[in-house]
Amino acid sequence: MNIQFRESSEAASPLAVKTAIADCDIHPARATRAELYPYLAKRWQHHLEVYGVHAYQGMMEGPPYPKAQPNASRRDAYPPEGGPQGSSLSFMQKQLLDPHNVQLGVLNPLNTGQGIRNHELSAALCSAINDWQIDKWTSKDKRLKASIVVGNEDGLSAAAEIRERAGDKNFVQVLLLSRNVEPLGQRRYWPIYQAAEEAGLPVGVHAFGFGGNPITPSGWPSYYIEEMVGHSQCQQSALASLVLEGVFERFPKLKMVMIEAGFGWAPSLAWRLDKVWQRLRSEVPHVKRPPSEYIREQVWWTTQPMEDPERREDLFDVIKWIGWDRLLFATDYPHWDYDEPSRVLPAGVSDDNREAFYLGNAKKLYGIA
Amino acid sequence: MASLIAGGVDCDVHPAVPHLTSLLPYLNDYWRDQVTTRGMVDLISQSYPQNSPITARPDWRPGSGKPGESLADMQRHVLDPFQLSHAICNPLYGVQMVFSEDLQAAFCRALNEWLTKEWLDRDQRLRGSIVIPTQSVEKAVAEIERCAADRRFVQVLMLVMADTPLGKRALWPIYEAAERLDLPIGIHAGSAYHNPPTAVGWGSYHIEDYAGQAQAFQTQLTSLIVEGVFAKYPRLKMVMLESGVSWISPFLWRLHKFWRGVRMETPWVDRAPLEIVRSNIRFSLQPFDAPPDEATLIRLFDHMQSDELVLFSTDYPHWQFDGQEALPAGLTPDLVRKIMIDNPHATYPRLT
């Protein structure tokens, strides 16, 4: 995590050429609100000016839990030409892509059309974001790949957006957020999984989102840290729902990526699900195999924010239980809790595992040669 | 399998209230009349459907009635064969689901009276947990103080999914009373169902609710720690009951990392979350949610970096293990002694 102001820390790196990496969680931002307007019908531009987005939360602007930093982003990530962090391609290249030798960067736009109560607006905004990702980012830097953002609460229009983009090499995954109106295994979301499976695209589930539910099973907590730590609990509940509703059984070629919610919880969740499934499987006959098998075969995790044990090598036990072939390195650029590529893995990792962790797993999953 | 030793403390057994009518003798005239006139029905929580396989082990399931409603069965199934010195009774009757704080308070008081008369008075190995009406902090504190006069009540019981996160300041008088009266707070699996049972909404299945208990415990630990409960009440112990244990270390690694990153938001948290857990938080053994292999168990306990966190439990009559295999394979004799005897006694000052 990085909240200090560190000017040009990357440029000062002693290594001239670094090993190539994939960064599977980069957040591109709009420099201005109007930057999206060329991709939106006049009706929606007007709507946004008059009514705003009307989300499943109370604030017109900004999040209900104030972030730790402006825009939850690094203070050294403001582009020199102005605009919020993450809004400039040239500065992203200078600060992230070039110095870290990022060979594949997966864009996960936030603050899109997701989590909005007006589902028509949601679909229009998502489609606009997808056009904008091509125009501003992926068409200008071939290292970058986009995620198809979909109106999450309306499965049918979301599936239509996926089919519209299927085969377009600018996109490497479908993007959902973890907190929705219902747990992600519910039927209303199945058209999304069906379309993604048909298109051969993994579905990424990024932390955050608004679905109107209290963000703990015991009501609304007080602090930003509770929301942040709680993303791993939301992700676990979402994944449990996907398994127990039979989504993996029904869509056996579907691949899911758990993004920015840690991975240390995964073995425990899988063990617990297996144990209760042995007892209660008669309630869910559509779940035909032990839950851990679906998870092992169909789920990947991005690494940031990596769990940080006092004895760092303890993490190797957890990675071994998950599988070195299932982790995808991510920085979360430009957010403040960014993980620095050179510092996340303790010593003692084999060359093969290191390569898989930083690059190989991502290239294979996202079909990048 | 590790060998059980005699004289252990079972920190989580569940005596069942046979029916709401069983509480009538312990209600005053007004509430007795309310229950009968309005035709109130038995308060069975969705957390434990009576016939669900997890609610009772097949060989612990009685021919009729609810699993856990007979003292003779409990003696025959756990108290005698496990050679226990004590067992702590945690009633899971659905009183927390009631929305009226007055009704909830009347039911809690009746439940605690029922436990005293029908269980604690009838077997001297048994100890009790005080069930409290958390919707009214004032009434909850009054019930704690009333019951605490009886030293056989060794803890206060709350559900892990309540009306608000348990660290919220409004609840702190409960913790003040508990600390003052040498009562740990036991937080047990289960929901009042006043909020959806997951942080992402209502799932479809009982299995989902049950698996999701672990996530509820995780968010509560975050709440309790970052709100500053243990900075304010440093002697207070809390016991996570039926929480699972394999998630503890990875969860704390994450919480610790974020605490380091944003501790300016909660400056009153005066110690690292890992340290707070090691000094103030305990976990019951069952359900032991790790695979049955020794190598994994050894790594999990090593990750905890403490042999004081786990307290023995059978979770009677819930079906978490078969036969006498309450202890997972791979525990050393020293750790068995800590888990079964030393740790419970260090946690519950009233356990004598």
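In chain B the Cα-Cα distances spread across 10 Å bins starting at 0 as 5, 26, 36, 25, 7, 1 percent of all pairs.
Once the Cβ-Cβ distance of residue B:180 and residue B:59 is raised to the sixth power relative to R0 = 51 Å, the FRET efficiency obtained is 0.75. Residues of segment A:332-348 with an amide N closer than 15 Å to a point placed 7 Å from the Cα of residue A:19 along the Cα-to-Cβ direction: A:341-348.
Given the rule -39500 (n - 2.57) for each run of at least 4 DSSP H residues, summed and divided by the residues of chain A, what is its mean residue ellipticity at 222 nm, to the nearest 500 deg cm²/dmol? That comes out to -9500 deg cm²/dmol. Lys/Arg Cβ at +1, Asp/Glu Cβ at -1, dipole of segment A:21-366 taken about the Cα centre: which of A:119, A:346, A:48 is farthest positive-ward? In segment A:21-366, that residue is A:119. For segment A:267-354, the set of GluC sites (Glu not before Pro) satisfying both a DSSP loop assignment and a count of at most 13 other C-beta atoms within 10 Å is given as A:310, A:313.
If the only charges are +1 at each Lys and Arg Cβ and -1 at each Asp and Glu Cβ, what is the size of the charge dipole of chain A around the Cα centre, to the nearest 20 debye? Walk me through the numbers on the way to the answer.
Working: 40 positive and 45 negative charges, 128 e Å.
About 620 debye.
As a length-normalised measure over Cα pairs under 8 Å and 6 or more apart, the relative contact order of segment A:158-317 settles at 24 percent. Inter-label distance, residue B:101 to residue A:289: 5.2 nm, where each label sits 7 Å from its Cα along the C-beta direction.
Could you give the size of the charge dipole of segment B:252-313 about its Cα centre, using +1 on the Cβ of each K and R and -1 on the Cβ of each D and E, expressed in debye and rounded to the nearest 20? Let's see the in-between values first.
Working: 8 positive and 9 negative charges, 74 e Å.
Rounded to the nearest 20 debye, it is 360 debye.
For chain B, the 222 nm mean residue ellipticity estimated from helices alone, with every DSSP H stretch of n ≥ 4 adding -39500 (n - 2.57) and the total spread over all residues, rounds to -9500 deg cm²/dmol.
Given a Förster radius of 35 Å and the C-beta distance between residue B:146 and residue B:85 as r, what FRET efficiency does 1/(1 + (r/R0)^6) yield to the nearest 0.05? Kindly include the intermediate steps, with their values, before the conclusion.
On the way: r = 27 Å, r/R0 = 0.76.
Once the sixth-power term is evaluated, E becomes 0.85.
Scanning chain B for chymotrypsin sites (Phe, Trp or Tyr not before Pro) that sit in a DSSP loop and have at most 10 other Cβ atoms within 10 Å, the longest stretch containing none of them is B:100-267.
If you place +1 on the Cβ of every Lys and Arg, -1 on the Cβ of every Asp and Glu, and leave all else neutral, what size is the dipole of segment B:8-347 about its Cα centre, to the nearest 20 Debye? The partial results should precede the final answer.
Working: 31 positive and 41 negative charges, 137 e Å.
About 660 debye.
Can you find, among A:368, A:290, A:217, the residue farthest towards the positive end of the dipole of the protein assembly as shown? Put +1 on the C-beta of Lys and Arg, -1 on that of Asp and Glu. Comparing the listed Cα positions along the dipole, A:368 ranks first. In sequence order, segment B:68-78 has phi-based couplings of x, 8, 10, 5, 4, 5, 4, 5, 6, 8, 10 Hz under the Karplus curve 6.51 cos²θ - 1.76 cosθ + 1.60, θ = phi - 60°, and Gly or Pro positions carry x. Taking each residue as 0.36 nm, the span from residue B:263 to residue B:123 lengthens on full extension beyond its C-alpha to C-alpha distance by 45.6 nm. Chains B and A together bury some 6100 Å² of accessible area, summed over both sides, with a 1.4 Å probe. What is the sum of charges around residue A:61, taking Lys and Arg as +1, Asp and Glu as -1, for the other residues whose C-beta is under 15 Å from the C-beta of residue A:61? Around residue A:61, the charge tally is +2. Taking amide H as placed 1.01 Å from N in the peptide plane, the amide H of residue B:203 sits under 5 Å from that of B:198, each at least 5 places away or on another chain. With θ taken as phi - 60° and the Karplus curve 6.51 cos²θ - 1.76 cosθ + 1.60 applied, the whole-hertz 3J(HN,Hα) list for segment B:130-137 is 8, 7, 10, x, 5, 5, 10, 4 Hz, x standing for glycine and proline. For the pair residue A:37/residue B:169, report the inter-label distance in nm, with labels modelled 7 Å from Cα in the Cβ direction. Rounded to a tenth, the inter-label distance reads 4.4 nm. Sequence-distant contacts, meaning Cα pairs under 8 Å at least 6 residues apart, place the relative contact order of segment B:83-179 at 28 percent.
Amide H contacts under 5 Å for residue A:174: A:148, A:203, A:204, restricted to partners 5 or more places along the chain or on a different chain, H placed in the peptide plane at 1.01 Å from N. The loop-placed GluC sites (Glu not before Pro) in segment A:172-268, going by DSSP, include none that has at most 16 neighbouring Cβ atoms within 10 Å of its Cβ. Since only B:170, B:133, B:183 are under comparison, the one whose Cα sits farthest along the positive direction of the charge dipole of segment B:125-202, derived from C-beta charges on Lys, Arg, Asp and Glu, is B:183. Among the residues of A:306-313, the average count of other protein chain beta-carbon atoms within 10 Å of the residue beta-carbon is 5. Averaging 1/r over every pair of different alpha carbons in the protein assembly as shown and inverting the result gives a Kirkwood radius of 26.6 Å. Accessible surface of the protein assembly as shown, 1.4 Å probe: 52 percent of it comes from carbon and sulfur atoms.
In segment B:230-328, Cα pairs under 8 Å separated by at least six residues give a relative contact order of 35 percent.
Within 14 Å, Cβ to Cβ, of residue A:279, how many net charges do the neighbouring residues add up to if Lys/Arg are +1 and Asp/Glu are -1?
Working: positive: A:272, A:275, A:281, B:57, B:61; negative: A:274, A:283, B:208, B:209, B:242, B:289, B:315, B:322.
Every neighbour counted, the sum reads -3.
The values are calculated or read from the model by the stated rules, or taken from the named source; none is laboratory data. Not measured: the values here are computed from a predicted model. Heads up, the Cβs are rebuilt from the backbone with ideal geometry, glycines too, and the neighbour counts pull from every protein chain shown. In case anyone asks, the SASA skips ligands and DNA or RNA and just uses the protein heavy atoms, side chains included. Shrake-Rupley method; radii C 1.70, N 1.55, O 1.52, S 1.80 Å.
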